[in-house]
1. Quick one: in the stretch 206-228, of everything that is at pLDDT below 85 and in a loop (DSSP other than H, G, I, E, B), which residue is surrounded by the most Cβ atoms within 10 Å (Cβ to Cβ)?
2. Examine the stretch 187-202 for a residue that is β-branched (Val, Ile, Thr), at pLDDT 85 or above and out of contact with any Asp or Glu (no Cβ under 7 Å at 6 or more places or on another chain), and state whether such a residue exists.
3. Residues of the stretch 101-113 being farther than 12 Å from Val260 by Cα and touching a residue at least 40 places away in the same chain (Cβ under 8 Å), which ones?
4. Taking the stretch 89-105 only, how many residues are in a helix (DSSP H, G or I) and in contact with a strand residue (DSSP E or B) (Cβ under 7 Å, 6 or more places away or on another chain)?
5. Which residues, taken from the stretch 67-93, are at pLDDT 70 or above and surrounded by 16 or more Cβ atoms within 10 Å (Cβ to Cβ)?
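The values are calculated or read from the model by the stated rules, or taken from the named source; none is laboratory data. Nothing here was measured: the structure is a model prediction, and the numbers come from that model. No Cβ is skipped: glycine too gets one built from the backbone with ideal geometry, and neighbour counts run over all protein chains shown.
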Amino acid sequence: MTADRVMVGVALIVVLAPRGMVAAATASTFSATLVAQGVAGAGAGDGAERILPATFVVIVATVTLYGLTAFPVARRLGVLRPARSRPLLVGGAPWAVDLGRALGSTGLDVLMWAGAERQRARIEEAGLALAPGELLAAASGAGAELEGITGVLLLTEDDDFNALAAMTLRESVEGPVHRLAPAAGRQGVVAPYTGSEPLFRTGLTGPEPARRYEAGARVLTRHADGGLPAGHEVLFVVSADGRLAPVTHTRTPDAGPGDVAVLLGPPSRQPSA
């Protein structure tokens, strides 16, 4: 964190720092004592016996003031979190990195993670942000790598890893957690029990995206206004305000004016078996 960001955070705390509880506790502790000891000005109807109600009036007024000014102050200081999606893509296969680049080109803040060093190097070479550390350790509270993530896409070819990570991350991420569906006959041991909805249409499962990529298919983006090319699979729709909606086995999001569709193109040659 830079010094500028620290100073901005301090400024926001100074402007909106909570003061009500301390003031109320102090007033309730000392006002009755002052009245009982006959402190000057503490007679009936004035002075010390008015401290407590006056304090609560001030608390109500300051809470109202903070509630009305928090948003404009945060906007002025530049600390508002944008409403745009911030997905975490797990997996470092070439097609997954290509997908990360495509999502980033729509303006999303994409974060990626992979376990293998070769895959991590591929992510960094593509200019994408790489989450540090161990994914499941971060999810279980041992790190802050998942802060700000609005959803997770599990794109590895290991069905059981995807299934286990889906169950673990669902407790740590505010947004949805989606995973590739296992190919027929390759659902692994854990995968059948996750209950999570798989990504993409029914036939685009397991290693199929990687196979198509090896056969020349590429991930690309198209504005929905101009129509979508034939023979392309819709993977995601990024709305005009930056919200990411995936295609799943049971749902294909509608693409409206200003939205961008993320597509997987057709193979340029016959995919290998």
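1. Restricting to residues being at pLDDT below 85 and in a loop (DSSP other than H, G, I, E, B), the top hit is Gly206.
2. The initial filter retains those residues of the stretch 187-202 that are β-branched (Val, Ile, Thr), namely 189-190, 194, 202.
Then keep just the ones that are at pLDDT 85 or above; that gives none.
No, because not a single residue in the stretch 187-202 is β-branched (Val, Ile, Thr), at pLDDT 85 or above and out of contact with any Asp or Glu (no Cβ under 7 Å at 6 or more places or on another chain).
3. Across the stretch 101-113, the qualifying residue is only Arg101.
4. Residues meeting the conditions: 8.
5. Matches in the stretch 67-93: Arg84, Ser85, Arg86, Pro87, Leu88, Leu89, Val90, Gly91, Gly92, Ala93.
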